[in-house]
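My questions all concern the structure below.
Just so it is clear, none of the values below were taken in a lab; they were calculated from the coordinates. What you are looking at is a predicted structure, and each value in this text was computed from that prediction instead of being measured. Note that we place each Cβ from the backbone using ideal geometry, even for glycine, and neighbour counts take in every protein chain shown.
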Amino acid sequence: MSSRLLLALAPLILASVAQADDCTNAMTQGEMNQCAAQEKKAADDELNRLYKQITARLKDNPEAKQLLIKAQRAWIGFRDAECNFSASGVEGGSVYPLIYGNCVTALTKARVETFKTYLKCKEGDLSCPVPEA
């Protein structure tokens, strides 16, 4: 691609990127899909941050840490299977990434809340598998 053509297209490219970043005003399917992907990534980043905090607290309990790893792997399998099913009605369509991404985000946010609960355990709470920091 010539540099002149790229330079001429730059305002259009930048305008479409700026519009996609403003998710409250997303109008096109592509923008909505991009916004869903951004929200999914943010939820996943938070989940990973909390997961690391929990595994750090379980460093002195390798059995509990292995149970968490096993549970998390099973949860990821469930999440992916559930969202594949949930979005199966639109598979192959342009709305699929939005439907699938929203499902993953919703389930991930629910898991984030579970992890936050684990991190708020008080000493003596026998129902909580994560020790207080």
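Find all pairs meeting these conditions: Cβ atoms under 9 angstrom apart; at least six residues apart or on different chains; first residue within the range 82-111 and over 12 Å from Met32 (Cβ atoms); second residue not in a helix (DSSP H, G or I).
Asn84/Glu91; Ala87/Val95; Tyr100/Ala87; Tyr100/Glu91; Cys103/Ala87
Ser127 - would you say it is outside any helix (DSSP H, G or I) and within 30 Å of Met27 (Cα to Cα)? Before you say what the answer is, go through the steps one by one.
Details: outside any helix (DSSP H, G or I): yes; within 30 Å of Met27 (Cα to Cα): no.
It is false that Ser127 is outside any helix (DSSP H, G or I) and within 30 Å of Met27 (Cα to Cα).
Specify which of the listed residues (Leu119, Leu50, Leu58, Leu67) is more than 30 Å from Met27 (Cα to Cα), within 15 Å of the chain's Cα centre (by Cα) and not polar (S, T, N, Q).
Every option except Leu50 fails the conditions.
Among the candidates Lys70, Lys116, single out the residue that is under 22 Å from Ala43 (Cα atoms), without any contact (Cβ under 8 Å) to a residue 60 or more places away in the chain and surrounded by fewer than 16 Cβ atoms within 10 Å (Cβ to Cβ).
Checking each option against the conditions leaves just Lys70.
Residue by residue through the range 85-116, note down the ones that are β-branched (Val, Ile, Thr), under 30 Å from Thr55 (Cβ atoms) and more than 13 Å from the chain's Cα centre (by Cα).
We begin by selecting, within the range 85-116, every residue β-branched (Val, Ile, Thr); these are 90, 95, 99, 104-105, 108, 112, 114.
Next, only the ones that are under 30 Å from Thr55 (Cβ atoms) stay: 104-105, 108, 112, 114.
Thr114, the sole residue that qualifies.
I need the full set of residues from the range 47-84 which are of a type in the set (S, T, N, Q) and not in a helix (DSSP H, G or I), in order please.
If the condition is that a residue be of a type in the set (S, T, N, Q) and not in a helix (DSSP H, G or I), then Asn61 is the only one that fits.
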